[in-house]
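**Q** Okay, handing you the structure first.
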Amino acid sequence: MPTTSPNVQLLFQPFSGGKLELSNRIVMAPMTRCFSPGGVPGPDVAAYYRRRAENGVGLIVTEGTVIDHPAAAADRDVPHFYGERALEGWAQVVKEVHEAGGRIIPQIWHVGMSRNPATFPESDTKPVGPSGYSAPNVKTGEPLSEQEIAYLVEAYGRAAGEAKRLGFDGVEIHGAHGYLIDQFFWEETNKRTDRYGGGLVERTRFAVEVIEACRRAVGPDFPIVLRLSQWKPLDYKAKLASTPEQLEKFLEPLALAGVDIFHCSTRRFWEPEFEGSDLNFAGWTKKLTGKPTITVGSVGLDTEFTQLFSEGKGANVNGLEGLLERLERQEFDLVAVGRALLADPAWAAKVRDGRTDELVPFSPEATKSLS
Ligand SMILES: Cc1cc2nc3c(=O)[nH]c(=O)nc-3n(C[C@H](O)[C@H](O)[C@H](O)COP(=O)(O)O)c2cc1C
C-alpha cells in the first residue's frame, strides 16, 4: 500500500467559512461541457457530477450555466439556468450530488461580446457588452443602454434566487475570463463615460449591482462566490490591477456588495501575482479582503489549460508539493481542480488514499464525453 504524505491530508481538512461548510478543500472547477441539448441538463449530467461527489470532491462548481437573456450563451448545448425544463434538470443534479454527500453551486454566466454570431446563423440576436468591443480596438457592436443593463442585473438576481430555491449550496457569479462582467472590469472593453465606466473602481459598478441583486434574491445567509481573473483569453498578460494597492481598491466594493468567497482564476497557481512577494492571486485576495479564497490553475498537472483550446494539448501528472506548502501557510483556503477531475472522477479519492500511482494524465479525449 502506498503511504499518504501527511501533508496531503491538508486537502482533506474540513472547511468552514464564507457561509459554507465543506468536508474538505477540493473544489471541482467550473467546466463548460456542452452536453445539455436545448439548454436542459439531463440524467447524464447529473450522473457526471454525482461521480465526482461520490469520489471525495468537497464542493462542485458547475459548468457555466447561462442567465435568462437571449445573447447569454456562446455555444450550443450549454445549460440554461432559467425555464422550467432546465431548472428541473438542475434540481435532479442537486439531488444526486447531495445523495452522494457532496455540495454543489452553479456558475451563472453571460458571455457578453464573446458570443460569435456565426455560431447562431438562424438567430438575429446581437452580442451585448459595455461598449460594443469584442476585443481591444475591435468594435463590433453598440454599447448597452442603461435599461438593458438593468435587465441584465435583474436576470443575474433571478438566477441566484433559483439557485437557492433548487437547493444549491450557494451560487458562483462568473466575473472572469473576458466575459460580460469582466468586459465591464477591463479598460480595453469598457470605454463608457457614464457611471458604469471610468477608473478601475468605477468599472466595478456593474458587478456590484449584479452582486447586490443576487444578495437581495438569496438573503443574508446564502454563500455568494465571485470568480475573477486578471488574465483575459485575448491577453494572458493583462492585469486589471498592477499593484496590491490597486487590487485592494478593486476588491473592496465587490466584497462590500456581498461576496463571501473569491475564486481567483490563474492558469498556474504557483505564479506570484506581483513582484516582491511569492503570494499568488488567491493569496493576495485573501490578504487584502480577509475573505476566504479558492486558488486554481494546473493543480496536479504540468501544462496549463488554455493550450487545450489553442493546440489540443493534454497534460501529465504533476506532484502536489508546491500546492501543499502554500495551503499549509494558509495562503488560500480551497483548491479548485479542473482537467484532472475531467480525466478522472476519482482524482480526489486517489489523492486522499495515497493511490498516486493510479492518477491518470489529462487527455483532450476527456472533453469529448461526459464520463
Ligand atoms: C473544458 C474546459 C471548460 C472550461 N469552462 C469554464 C467555465 O465554464 N467557466 C469558468 O470559469 N472556467 C472554465 N474553465 C476553466 C477552469 O475552470 C479552470 O480554471 C482551468 O481549467 C484551470 O484549471 P486546471 O488547470 O485544473 O484545468 C474551463 C476549462 C476547461 C478545461
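The values are calculated or read from the model by the stated rules, or taken from the named source; none is laboratory data. The structure displayed is predicted, hence computed values, not measured ones. Cβ coordinates were reconstructed from backbone atoms using ideal geometry, including for glycine residues, and neighbour counts include every protein chain displayed. Surface accessibility is based on the protein's heavy atoms, side chains included, excluding ligands, DNA and RNA. Shrake-Rupley method; radii C 1.70, N 1.55, O 1.52, S 1.80 Å.
**Q** For the pairs K164/K232; K239/K291; K126/K313; K139/K232, flag any whose C-alpha to C-alpha distance is greater than 24 Å.
**A** K164/K232; K126/K313
**Q** Taking the chain as the reference, fit the longest principal axis to its C-alpha atoms, fit the long axis of helix 84-99 to the helix C-alpha atoms, and give the angle between the two in degrees, 0 to 90, nearest 10.
**A** The angle comes out near 20 degrees.
**Q** So, with +1 on the Cβ of K and R and -1 on the Cβ of D and E, and no other charges, what is the size of the charge dipole of the chain about its Cα centre, to the nearest 20 debye?
**A** Its charge dipole is roughly 120 debye.
**Q** For segment 290-339, which trypsin sites (Lys or Arg not before Pro) are in a loop by DSSP, counting at most 12 other Cβ atoms within 10 Å?
**A** Answer by residue number: R329.
**Q** Could you give P(r) for segment 8-369, binned at 10 Å from zero, as whole percent values over all Cα-Cα pairs?
**A** Using 10 Å bins, I get a P(r) of 5, 26, 37, 26, 6, 0 for segment 8-369.
**Q** Could I ask something else about it? If you take the Cα atoms of segment 148-189, find Rg, then find the Kirkwood Rh from the mean of 1/r over all pairs, what is Rg/Rh?
**A** On the way: Rg = 12.3 Å, Rh = 11.6 Å.
Rg/Rh: 1.06.
**Q** In segment 135-242, which chymotrypsin sites (Phe, Trp or Tyr not before Pro) fall in coil by DSSP and have 14 or fewer other Cβ atoms within 10 Å? Can you show the working numbers first?
**A** Values: sites: Y151, Y156, F168, Y179, F184, F185, W186, Y196, F206, W231, Y236; in loops: F168, Y179, W186, Y196, W231, Y236.
Those that pass, being in a loop and sparsely packed, are Y236.
**Q** To continue, here is another question. Please give the calculated 222 nm ellipticity per residue for the chain, where each DSSP H segment of at least 4 residues contributes -39500 (n - 2.57) and the sum is spread over every residue; nearest 500 deg cm²/dmol?
**A** After summing the helix terms and dividing by residue count, I get -9500 deg cm²/dmol.
**Q** Quick one, what does Rg over Rh come out to for segment 205-330 if you take C-alpha atoms and the Kirkwood Rh? Display every interim value, and only then the final one.
**A** On the way: Rg = 15.7 Å, Rh = 15.8 Å.
Taking Rh as the inverse mean 1/r over Cα pairs, Rg/Rh reads 0.99.
**Q** I've got another one for you. With the Cα gyration tensor of segment 275-362 in hand, convert its eigenvalues to equivalent ellipsoid semi-axes via √(5λ) and list them largest first in whole Å.
**A** Whole-Å semi-axes of the equivalent ellipsoid: 24, 17, 11.
**Q** What percentages make up the Cα-Cα pair-distance distribution of segment 17-58 when the bins are 5 Å wide from 0?
**A** The percentages, shortest bin first, are 5, 17, 25, 21, 16, 12, 5, 0.
**Q** Given a 1.4 angstrom probe, I'd like the percentage of the accessible area of segment 89-236 that is carbon and sulfur, rounded to a whole number.
**A** Of the solvent-accessible surface of segment 89-236, carbon and sulfur hold 49 percent.
**Q** Just the number, please: percent antiparallel of the DSSP beta bridges in the chain, rounded to the nearest 5. Each step should come with its number before you reach the end.
**A** Working: 8 of 36 bridges.
Of all bridge pairs located within the chain, approximately 20 percent are antiparallel.
**Q** Among all stretches of the chain without exposed GluC sites (Glu not before Pro) (DSSP loop, at most 12 other Cβ atoms within 10 Å), which one is longest?
**A** Values: sites that count: E122, E275.
No qualifying site falls inside 123-274, the longest such stretch.
**Q** Between segment 182-259 and segment 27-52, how far is it from one alpha carbon centroid to the other, in angstrom?
**A** Value for the Cα centre distance between the two parts: 27 Å.
**Q** Let me ask another. Could you tell me the calculated FRET efficiency between E311 and D77, based on Cβ-Cβ distance and R0 = 30 angstrom, to the nearest 0.05? Could the numbers behind the result be given before it?
**A** Numbers: r = 24 Å, r/R0 = 0.79.
Efficiency, rounded to the nearest 0.05: 0.80.
**Q** Ok, one more. Quick one: Cα convex hull volume of segment 1-153, Å³ per residue? It would help to have the intermediate numbers written out before the result.
**A** Numbers: hull volume 26.6 nm³, N = 153.
About 174 Å³ per residue, rounded to a whole number.
**Q** Hey, what's the chain come to in accessible area per residue, 1.4 Å probe, Å²?
**A** 40
**Q** Here's another thing I want to ask about it. Keeping every protein chain in place, order K368, K232, K164 by accessible area at 1.4 Å, biggest value first, i.e. largest first.
**A** K368, K164, K232
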